[in-house]
Amino acid sequence: MILHQNMNKNKFPTAIILIKYSVGHTGAVSGVVADTKYLYTVSHDATVRIWDKRTFQEVATLRGHTDAVSGVTVDIKYLYTVSHDATVRVWDKRTFQEVTTLRGHTDAVSGVTVDTKYLYTVSHDATVRIWDKRTFQEVATLRGHTDAVSGVAVDAKYLYTASHDATVRVWDKRTFQEVALLDDQKIALNAVYIDENNIYSASKDATVKVWSKEKFEDIASLRGHDRVVCSIHGDDNHIYTAQKDGKIYVWNRSSFEKQKELAGHTDKVMALCADEENLYSASADRTVCIWNKGDFSLKDRLRGSEWHTSCVFSDNKFIYAAVDNQMELMRKNARIEVWHKKNLEKIITLDADGAQVHSLIADSRHIYTAEGYEGVILYVRDKETFKIVKFIETPTEYGWGIFVDNKYLYVPYKDNKIMLLFKERYEEAMILNGTIEDVFGVYADLEYIYVASSKGLLHVFSKMARKEITVLKIAKEGVMGVYADDKHVYVVTKNKRVHIWEKDAWKEVSEKVIAEKFEEKVGNAWLWVIEKITWQSSSFWHAGGHIYYLEVDESLLRDSVWLEKTWNVGIVLKDTKGSGNLIIVNGQTMDRLPVSLRERVEQYKKRLKKRLKES
């Protein structure tokens, strides 16, 4: 994640935007179920996704869970999902809106099933809970398992639960009393499945036991797995089992003989389901495979992708966000989005050249971007019309760290040199030819040009003499960015340290660990604050005497950063609208936030302000 903002040190930014898009799951897919129209999948990315079964296109993403979603089931009216956040959520299938949240479990909820009257959930808290579908009130809690309950199934008469305590327990649906204990397996069970005649239990010892429903006796074993069996499902003719290495086995339901081995996943298969035409397998490799039940050939694959912001810049009027798909770079589908800063509405989407936008910056008249996948082209776009007015081929492979001031445009050049172009004519003004290796960022003031290197060095050039005057050895870990004021140069390194150097004397006067003053876990990110440092670059930004560094888990696409100038506090918030577009707002737009979000903002502000005072 790279953030840029207005580099004018006299005007602190009041808003910045971080946009992330997700298409398909970005975490392990842990559950899958189908009805006549849709396929429903849930994931450790905390989302529920709904796919059109005819086109296999995603039609909706449901957000609400705050941790991994572990199970899903569906009836005529509702979709039910369970999560590691210890909740059960009920969704309207027609509107895709959340109807209610059921709370009662005290640990991760691992499985869910439903019949005409009740909803049944199982949890790592070792309980089974039964909910009335009409009122959504809990009607019973079943206790008996001594470890996490991992699977649940139901028929007309009984409820079946599997547990890490290595047992399957059978419960009478009328009395909610335990009527049988199946305990022949000695290692934790991961799943349970039933058909008209049998019960199937999957164990971590790579076996699947088959039990008679009539007498609750062990009648067979499905042997052939060489890894932990993670999931089971079946239809009229087959039993399907899946194991930790991603393989799926197809068994004859009558003879219990293995008929087919399906290989399509690169990680464990966490859930299976089938309809009349297809078998669906959900995997930790973030995909759902669709298998033709006729010949069990791979028919299609629902694959996640990650649209994320590669760089952002804001000026007095607009916010510019460069967006690309990190999982599909070869498709060359990067784009640049322009948002109005006042009302945070998107104005236009510009197609970028190639798969990546390496750098983005703007001045009063133009937008400058370094774009490309193999080779970099510098594009100049008019800020009024957003049309390309100039493009410049640069003999470099990477375009990190372009910079602009009143006179020059600074562009990484071949052989790790920096080329300065006159802004109006786009003609070469000079080439900085020093000892630079792996340029990562450029900054310039009235006297000096600073070039940051991933090798841990900061190269300083005299603007007047056009030559390198010193090389500062900053850190072994590599330099992420550089900023300067009248007296000091501030350099941030990969090991989260800020090195402060005195200008002209070129000696280090201070080194600070970013996490030394303040460290707070907020949402899915860590926020570090350090005092009395001026800084604006990369994932670091300045506000009123404090520097903030944000480190976000890139596998989660539900985070945004909130920065208010008045309070000098940065906060990570969840996007409650489920739009996929995550924005940072300023104090003037607080009234546009949902009430629940405003309350969270106020709570975070009070806590963070208190911690800042203490530090």
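The values are calculated or read from the model by the stated rules, or taken from the named source; none is laboratory data. As the structure is a prediction and not an experimental result, all values here were calculated from the model. Every residue, glycine among them, receives a Cβ derived from its backbone with ideal geometry; neighbour counts consider all protein chains shown. Heavy atoms of the whole protein, side chains included, go into the accessibility calculation; ligands, DNA and RNA do not. Shrake-Rupley method; radii C 1.70, N 1.55, O 1.52, S 1.80 Å.
Could you tell me how many of the residues in region 113-152 are touching a Ser or Thr at 6+ places or on another chain (Cβ under 6 Å) and either on the phi > 0 side of the Ramachandran plot or at pLDDT below 95 (or both)?
Total satisfying the criteria: 1.
For region 159-169, give me each residue that is buried (at least 19 other Cβ atoms within 10 Å of the Cβ) and not polar (S, T, N, Q).
Result: 159, 160, 162, 164, 166, 168, 169.
Of the residues that make up region 331-338, is at least one in contact with a Lys or Arg (Cβ under 6 Å, 6 or more places away or on another chain), small (Gly, Ala, Ser), modelled with pLDDT under 85 and not in a strand (DSSP E or B)?
no
Can you tell me how many residues within region 254-290 are aromatic (Phe, Trp, Tyr) and surrounded by fewer than 18 Cβ atoms within 10 Å (Cβ to Cβ)?
Of the residues in that region, 1 qualify.
Considering only residues that are under 35 Å from the mean Cα position of the chain (by Cα) and among the charged types (D, E, K, R), look in region 406-443 and name the one that is modelled with the lowest pLDDT.
414
Just one of 370, 282 is at pLDDT 80 or above, under 29 Å from residue 150 (Cα atoms) and in a strand (DSSP E or B); which is it?
Result of the check over 370, 282: 282.
Considering only residues that are under 28 Å from the mean Cα position of the chain (by Cα) and free of Cβ contacts under 8 Å to residues at least 60 places away in the same chain, which ones fall in region 286-298?
289, 291, 298
Every residue, every condition in (1) open to solvent by 40 Å² or more (accessible area, probe 1.4 Å); (2) touching a Phe, Trp or Tyr at 6+ places or on another chain (Cβ under 8 Å); (3) over 23 Å from residue 360 (Cβ atoms); (4) of a type in the set (Phe, Trp, Tyr), yes or no:
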site: 429; (1), (2), (3), (4): no, yes, no, no
site: 437; (1), (2), (3), (4): yes, no, yes, no
site: 440; (1), (2), (3), (4): yes, yes, no, yes
site: 448; (1), (2), (3), (4): no, yes, yes, yes
site: 451; (1), (2), (3), (4): no, yes, no, no
site: 472; (1), (2), (3), (4): no, yes, yes, no
site: 485; (1), (2), (3), (4): no, no, yes, no
site: 497; (1), (2), (3), (4): yes, no, yes, no
site: 502; (1), (2), (3), (4): yes, no, yes, no
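Across region 252-285, what is the total count of residues that are under 21 Å from the mean Cα position of the chain (by Cα) and farther than 23 Å from residue 37 by Cα?
Final tally of qualifying residues: 7.
In region 456-484, how many are without any contact (Cβ under 8 Å) to a residue 24 or more places away in the chain and either over 19 Å from residue 505 (Cα atoms) or part of a strand (DSSP E or B) (or both)?
Total satisfying the criteria: 6.
Which ones in region 171-203 are closer than 19 Å to residue 126 by Cβ, open to solvent by less than 30 Å² (accessible area, probe 1.4 Å) and either out of contact with any Ser or Thr (no Cβ under 8 Å at 6 or more places or on another chain) or aromatic (Phe, Trp, Tyr) (or both)?
171, 180, 201, 203
Enumerate the strands (runs of 3 or more DSSP E) found wholly within region 168-223, keeping only those where 1 or more residues are of a type in the set (D, E, K, R) and free of Cβ contacts under 8 Å to residues at least 24 places away in the same chain.
168-172
Taking residue 30 and the conditions (1) closer than 14 Å to residue 83 by Cβ; (2) at pLDDT 90 or above; (3) within 15 Å of the chain's Cα centre (by Cα), which numbered condition does it fall short on, given that it satisfies the others?
So the condition that residue 30 fails would be (3).
Do any strands (runs of 3 or more DSSP E) lying entirely in region 70-166 carry at least 2 residues that are more than 24 Å from residue 195 (Cβ to Cβ), and which ones are they?
Here the list reads 78-83, 87-92, 98-103, 127-132, 138-143.
Does at least one position in region 226-245 carry a residue that is of a type in the set (A, V, I, L, M) and surrounded by fewer than 22 Cβ atoms within 10 Å (Cβ to Cβ)?
yes
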